[in-house]
Amino acid sequence: MSDFVCDNLKAGRNGHLTIGGCDCLELAREFGTPLYVMDEETVRRNCRLYVDSIRKSYDGYGLALYASKALCTIAMLKVADSEGMGIDVCSGGELFTALRAGIDPSRIYFHGNNKTPGELESAIDAGVRRIVADNALEVDRISTIATAKGRTARISLRIKPGIEAHTHDFVRTGQIDSKFGVAIETGEAIELAARAASLPGVKLVGIHCHIGSQIFDVDPFLEAAQVMMDFIAAVRERTGETLEELNLGGGFGIRYIDEHDPVDFGAYIGAIAQAVRAKCAEHGLPVPYICMEPGRSIVASAGITLYTVGAVKTIPGIRTYVAVDGGMFENPRYALYDSPYDAVLADRPLAPRTAPITIAGKCCESGDLIQENLWMPECRPGDILAVLATGAYNYSMAGNYNRNTRPAMVLCKDGKARTIVRRETFDDLVRNDVVPADLQEHPGHPARASGQE
Ligand code: LLP
């Protein structure tokens, strides 16, 4: 058992926090703060877990895909690819990044609930292995675009299996009231499957579901797998076609704080495989090609964010604000979802936690908090504070609110840190700003021009 919520973190010989063999104080000194730090070995270990489980539970008949929305950079996709993962993308930008990373299109799955015609065209041109179609309009568009190009797109359908997973409302997607996919209950899904089977330019080869994110129970996954297998049987009955691929999405929960108790992924996947096989026997179906799409559980616990503490404000009887040089522009998850995080001080990570604090960001917004009521040792200006398990949905959801620049990201391995995302500059911020011709002269304020100032 590690001293920290993520087992890749250690207190080094000098007592400082280390990740991937790197001293966090030195990282902050060398690369500046805020800084995203990723531990390469942990990412690789997590990828292997899924790749191995496909081998063990499905005799290798399947593909584990890294859901790149969790953290999409060229280097990160190369790491996942080199471990044998396929890549799930959900926008033209993620597809572009994957192609730039040299990912073989035959290992790319393209998602999204409202792909633009341009995105569909890029996916078809690139020859991605699968387009996961969300709705009838999209199936028709794929058919039209592929037919015009003399191609056949191999698609699957995003299905709402009607499962309620216990997680935050914004990240719950499998139930009927969701913007994603088509529902089984209403008959919409079977109608679309029948339609897709009859259209030119598309070949319906599978179905997909994703019931939510940061899920700790096995049951919703088991239930979803069963419902999806029943649906494959229903499609065969309706169309005579046996769909060959079952994609069960991502959603496996990770430990952000001590109280979180994620299940062992291997056991999870083994149980799902059993449920799938039982359904195959029941319906007389062959075992489908299985896909999974973990995002968070590949990268979240591999990452931390380092900050420099600025002002510390104690409001007597109320709370202590510890302000850091980051905030909701680089980690919006507490502001959005009240997501829990743990944090430690990089030079004394095991110091006793003496009082609750609120970690505040630097944006002009009261809700710009990284965490509230977190018991910490006394924090002083200049301390390097590490927020833990920030590898997923931090950088990928970052923005430039208040024209803050997005942090750099380093990838650590065997005590060496390499930059994989450079820190944004002020020039980056104004790169896309355009000044119309009539403003180019910049005549200044009339008062200034008339010399009254
Ligand atoms: N596949 C599909 C189709 C998805 O929509 C998602 C996540 C995944 C796979 C990966 O799920 P994961 O293994 O990462 O749970 N921004 C939120 C999470 C949104 C997840 C959206 N879809 C957060 O910060 O918690």
note = In whole percent, the fraction of accessible protein surface over the chain that belongs to carbon or sulfur atoms, probe radius 1.4 Å, stands at 50
note = Between the modelled labels at residue 48 and residue 355 (7 Å from Cα along Cα→Cβ) the distance in nm is 4.5
key: Normalised contact order of the range 180-272, rounded percent, pairs of Cα under 8 Å and 6 or more residues apart   = 32
Neighbour-limited loop hits for trypsin sites (Lys or Arg not before Pro), the range 95-139 (at most 10 other Cβ within 10 Å; DSSP other than H, G, I, E, B) = none
note = For the chain, longest principal axis from Cα atoms; helix 136-148 axis from its Cα atoms; angle between them, nearest 10 degrees, is 80
request  = Let me have the 222 nm mean residue ellipticity of the chain computed from DSSP H runs of 4+ only, each contributing -39500 (n - 2.57), with the sum over all residues rounded to the nearest 500.
outcome  = -9000 deg cm²/dmol
task = For the range 319-436, just the Cα set please: Rg and Dmax, both in angstrom.
result = 15.7, 57
task = Report the FRET efficiency, 1/(1 + (r/R0)^6), for residue 432 and residue 147, where r is their Cβ-Cβ distance and R0 is 35 Å, rounded to 0.05.
result = 0.45
key: For the range 222-299, alpha-carbon Rg relative to the globular expectation (2.2 N^0.38 Å, N residues)   = 1.28
inquiry  = Using each residue's phi in the range 264-280, evaluate 6.51 cos²θ - 1.76 cosθ + 1.60 at θ = phi - 60° and report the 3J(HN,Hα) Karplus result to the nearest Hz, with x for Gly and Pro.
reply    = 6, 4, x, 5, 3, 5, x, 5, 5, 4, 4, 5, 5, 4, 4, 5, 4
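So if R0 is 41 Å, what FRET efficiency would residue 277 and residue 11 give, r being the distance between their Cβ atoms, rounded to the nearest 0.05?
Step by step, r from the Cβ atoms, then E = 0.35.
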task = List, largest first, the extents of the alpha carbons of the range 1-95 along their principal axes, each in whole Å.
result = 47, 35, 19
request  = Any chance you could run the full-extension gain for residue 198 through residue 82? It's 0.36 nm times the residue separation minus the Cα-Cα distance, nm to one decimal.
outcome  = 38.0 nm
task = Jot down the radius of gyration and Dmax of the chain, Cα atoms only, both in angstrom.
result = 24.3, 89
query = If you average 1/r over all unlike Cα pairs in the range 72-294 and invert the result, what Kirkwood radius do you get in angstrom?
reply = 17.9
query = What is the extension gain from residue 336 to residue 402, computed as 0.36 nm multiplied by their sequence separation minus the C-alpha to C-alpha distance, in nm to one decimal?
reply = 22.0 nm
task = Can you tell me how much longer the chain between residue 419 and residue 348 gets when fully stretched, taken as 0.36 nm per residue apart minus their C-alpha distance, in nm with one decimal?
result = 23.0 nm
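Sorted by accessible area with a 1.4 angstrom probe, largest first, how do 223, 372 fall?
223, 372
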request  = Over the chain, give the accessible area per residue in Å² for a 1.4 Å probe, as an integer.
outcome  = 44
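For residue 319 and residue 113, FRET efficiency with R0 = 45 Å and r from the beta-carbon atoms, rounded to 0.05?
On the way: r = 40 Å, r/R0 = 0.88.
My answer for the efficiency is 0.70.
The values are calculated or read from the model by the stated rules, or taken from the named source; none is laboratory data. Keep in mind it's a predicted model, so treat the numbers as computed, not measured. So basically every Cβ, Gly included, is an ideal-geometry build from the backbone, and we count neighbours across all protein chains shown. Heads up: the accessible areas ignore ligands, DNA and RNA and are worked out on the full protein's heavy atoms, side chains in. Shrake-Rupley method; radii C 1.70, N 1.55, O 1.52, S 1.80 Å.
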